[in-house]
Amino acid sequence: GSSASPAISVDAQASGPVISREIFGQFVEHLGNGVYGGIWVGKDSAIPNVRGIRSDVVTALRAIKVPVVRWPGGCFADQYNWRHGIGPADQRVATVNMWGNVVEPNTFGTDEYLDFVDQIGSEAYVSVNVGSGTPAEAAAWLEYMTTDQPSTLGKLRAANGHPAPYRIKYLGIGNENWGCGGGMSADEYVSEMKRFGSFTRNLNPAQNGVVPFVRSPDAMRQIAVGPGDDKTDYTEAVMKAWTQKAPYSWDIDGISLHYYTGGKAGVLQSPSTGFGEDDYAASIRNTLKMEQLIAANSAVMDKYDPQKKIALMVDEWGIWTAPMPGTNFMFMRQHGSLRDGILAALNFNIFVRHAERVRMANIAQMANVIHSLILTDGAKMLLTPTYHVHRLYLPFQDAHRLVVTFTPGSYRAGEIALPQVDGIAARTKDGTVWLAVTNLDAARTVDLGAQVHGMATRSAVGEVLTAPAVDAINTYAKPDVVAPRPVRFSAQGGKLML
Ligand code: AHR
């Protein structure tokens with residue numbers, strides 16, 4: 001930090017890489033009320049729904065243009081048998097979900113998930129079961145979802161209401177197989193990844209193009225498991241295998257990275273509202289570690305793939321606090337405070353600064369679980385500050401990153417020293433320059449001078465998301481405590497005052 005007052009300067013002409021809209025992706029797991037209650041209410045529910053999927057949630061998600069939804073887990077994916085979740089509702093197999101030792105009715109399965117993805121206008125990212133499943137089961141699942149042929153599984157999908165093959169843009173080869181997905185060493189995982197990757201074929205002709213053996217630009221992309229801590233052994237082993245792979249076998253397009261932010265005492269420890277500034281500052285400091293994790297894994301990937309063909313997909317991230325008092329501990333239901341919104345913005349800024357390599361990210365999780373955008377309680381729904389941050393970042397979807405330099409100022413809380421401001425800028429196709437600026441300071445406002453070079457700036461409009469306290473939350477009774485408010489900024493000598 002520095003004692004100089006914060007200032008930011010944007011070069012409107014020096015255009016960088018495209019910011020993949022998929023860094024604003026979502027993650028939905030069969031955990032707590034992430035699916036049941038959060039998305040699925042059932043066709044006979046009094047809560048307005050389309051084919052069982054709640055309409056208020058769909059409307060809210062359409063408004064933030066969700067680019068991609070990862071499903072069915074998480075750790076749940078490596079215990080999931082897709083056959084339990086298809087066919088007539090009254091014939092679905094009920095199982096036990098490890099998350100909270102509750103009955104998993106399997107009412108929400110493949111067809112319901114793909115209907116949900118379609119209703120919100122998003123892309124599918126399905127994770128197959130590597131931990132307890134087989135390549136044959138995963139291959140059959142792909143056949144069920146994607147074949148256009150009248151095979152037994154193709155006909156089964158048609159009988160279940162969807163004659164046309166589904167579009168599956170991404171396939172995850174397992175989840176955290178170093179941990180809940182089977183405790184595999186990096187080399188053990190790579191052996192499994194090769195087998196699963198070779199046989200999980202997307203058969204949808206619309207995605208595969210017409211030239212044999214030539215990969216269509218629309219082909220399904222496969223994502224390997226990567227790190228969930230400071231180690232880079234998975235990244236190293238997967239990338240090495242990729243450079244040595246046999247032709248016409250398997251391929252990958254991405255490696256996943258998981259990182260959860262904890263508060264002062266680590267993940268699952270701090271309250272999700274009613275925390276002090278010490279906890280706030282610790283969680284902000286902890287979340288900025290995302291930068292180091294991305295840098296470390298990118299460095300390993302650069303050794304094997306200097307052209308950056310393989311993307312780093314941060315497909316689980318967010319702040320993980322203690323669950324709300326009085327709720328099932330394993331349901332991981334948290335309040336969403338202004339702090340979480342600030343933290344989301346800081347993570348987006350990190351992803352954008354690494355846009356060359358980070359081409360997808362999926363916040364954990366979309367509704368009612370961990371760092372959620374949406375909370376529901378029966379018929380009630382509220383939008384968290386993190387939801388609003390997603391909306392504020394909409395212009396950055398597929399925009400060109402611009403070069404930003406700034407004097408960050410400093411924010412000190414006890415022993416923790418942080419910059420006071422952080423920011424990114426981008427230019428959209430229509431030539432508009434967008435700035436996203438975050439004030440990290442829990443108490444002090446900031447007057448920020450923003451100089452935009454290479455463009456005439458006379459005025460600017462925008463929105464501000466703030467609240468009287470960083471632990472402020474929206475409630476069903478007061479849903480707009482933390483909501484964006486429009487602002488108009490003045491300009492003096494080409495310099496904007498924010
Ligand atoms: O998001 C909750 C859990 O965190 C996921 O199931 C798992 O992948 C991670 O450890």
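A compact table of results
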quantity: Kirkwood hydrodynamic radius over Cα pairs of region 320-421, then Stokes diffusion coefficient at 20 °C and 1.002 mPa s, in µm²/s; calculated: 137 µm²/s
quantity: Cα gyration tensor category, rounded, prolate or oblate, for region 72-228 with a/c compared to 1.5; calculated: oblate
quantity: Solvent-free Debye scattering, log10 I(q)/I(0), computed from the Cα coordinates of region 289-358 at q = 0.17 Å⁻¹; calculated: -0.72
quantity: Filtered trypsin sites (Lys or Arg not before Pro), region 427-497: DSSP coil and at most 10 other beta carbons within 10 Å; calculated: K429, R444, R458
quantity: List C75, C180, ordered by accessible area with a 1.4 Å probe, largest first; calculated: C180, C75
quantity: Spherically averaged projected area of the chain from its Cα convex hull (nm²); calculated: 23.4 nm²
quantity: With every protein chain in place, region 71-212: carbon and sulfur % of accessible area (1.4 Å); calculated: 55 percent
quantity: Fully extended contour minus Cα-Cα distance, from D56 to A443, at 0.36 nm per residue; calculated: 135.9 nm
quantity: DSSP-assigned coil residues among trypsin sites (Lys or Arg not before Pro) in region 261-349, each with at most 16 further Cβ atoms within 10 Å; calculated: K308, K309
quantity: Distance in nm between pseudo-label sites at N81 and A456 (7 Å out along the Cβ direction from Cα); calculated: 6.9 nm
quantity: Solution diffusion estimate, µm²/s, Stokes-Einstein, region 193-277, Kirkwood Rh from C-alpha pairs, 4 °C, viscosity 1.567 mPa s; calculated: 81 µm²/s
quantity: Cut-off under 5 Å, modelled amide H: who pairs with Y260 long-range; calculated: none
quantity: Helix-only mean residue ellipticity at 222 nm for the chain, each DSSP H run of n ≥ 4 adding -39500 (n - 2.57), per residue, nearest 500; calculated: -7500 deg cm²/dmol
quantity: Net length gained if the chain between V267 and D218 were fully extended (0.36 nm per residue, minus Cα distance); calculated: 13.8 nm
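The values are calculated or read from the model by the stated rules, or taken from the named source; none is laboratory data. What you see is a predicted model; the values in this text were computed from it and never measured. Glycine gets a Cβ as well: all are built from the backbone with ideal geometry, and neighbour counts include every protein chain shown. Heads up: the accessible areas ignore ligands, DNA and RNA and are worked out on the full protein's heavy atoms, side chains in. Shrake-Rupley method; radii C 1.70, N 1.55, O 1.52, S 1.80 Å.
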